[in-house]
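The values are calculated or read from the model by the stated rules, or taken from the named source; none is laboratory data. Small disclaimer: the values here were computed from a predicted structure and weren't measured. As a convention, Cβ positions derive from the backbone with ideal geometry for all residues, glycine included, and neighbour counts pool all protein chains shown.
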Amino acid sequence: MKKITLGILSMLMLLTLNPSTSNAATEIKQVTTTSAKVESDALIERLYEINDLDKSSMSSSEKKVLRNEVVSIREQLFNNPVIYISGGALLLIIILLIILL
């Protein structure tokens, strides 16, 4: 009887702790304000202007300046901090909050 109970309990523990395949990241996005939206729209518009320029008549130093500007604009646009929380971590946080509160 003890072996059967121990076997069933260990089987249940293994099944509950078995990692399942899923999208493990839950993304929390930062809310953008209107000023940040206006600024990002201006940067995107500048990227379009640079893309529409006739670069064949430019010297290599002018092209290098434009490339550096494009790189800095892309860094500004895509350097938003994003926090990824896995499903297991989220569940653990919720359980801890329930226990502590």
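Restricting segment 43-59 to residues that are surrounded by 11 or more Cβ atoms within 10 Å (Cβ to Cβ) and within 32 Å of the chain's Cα centre (by Cα), which is farthest from Leu77 (Cα to Cα)? Within segment 43-59, the match that is farthest from Leu77 (Cα to Cα) is Ile50. As a summary of the residue check, Val82 satisfies the conditions (1) at pLDDT 75 or above; (2) touching a strand residue (DSSP E or B) at 6+ places or on another chain (Cβ under 8 Å) except for the one numbered (1). Could you tell me whether Ala36 is of a type in the set (Gly, Ala, Ser), modelled with pLDDT under 80, part of a helix (DSSP H, G or I) and within 26 Å of the chain's Cα centre (by Cα)? For Ala36, the condition - of a type in the set (Gly, Ala, Ser), modelled with pLDDT under 80, part of a helix (DSSP H, G or I) and within 26 Å of the chain's Cα centre (by Cα) - is met.
When you look at Met1, is it at pLDDT below 75 and either surrounded by 10 or more Cβ atoms within 10 Å (Cβ to Cβ) or in contact with a Phe, Trp or Tyr (Cβ under 7 Å, 6 or more places away or on another chain) (or both), yes or no? Here the answer is no, as Met1 does not meet what is asked. Based on this model, can you work out whether Lys63 counts as assigned to a helix (DSSP H, G or I), at pLDDT 90 or above and farther than 30 Å from Thr16 by Cα? So Lys63 passes the test. Determine, yes or no, whether Ile8 is among the β-branched types (Val, Ile, Thr), within 26 Å of Gly88 (Cβ to Cβ), modelled with pLDDT of 65 or more and surrounded by 10 or more Cβ atoms within 10 Å (Cβ to Cβ). Against the criterion (among the β-branched types (Val, Ile, Thr), within 26 Å of Gly88 (Cβ to Cβ), modelled with pLDDT of 65 or more and surrounded by 10 or more Cβ atoms within 10 Å (Cβ to Cβ)), Ile8 qualifies.
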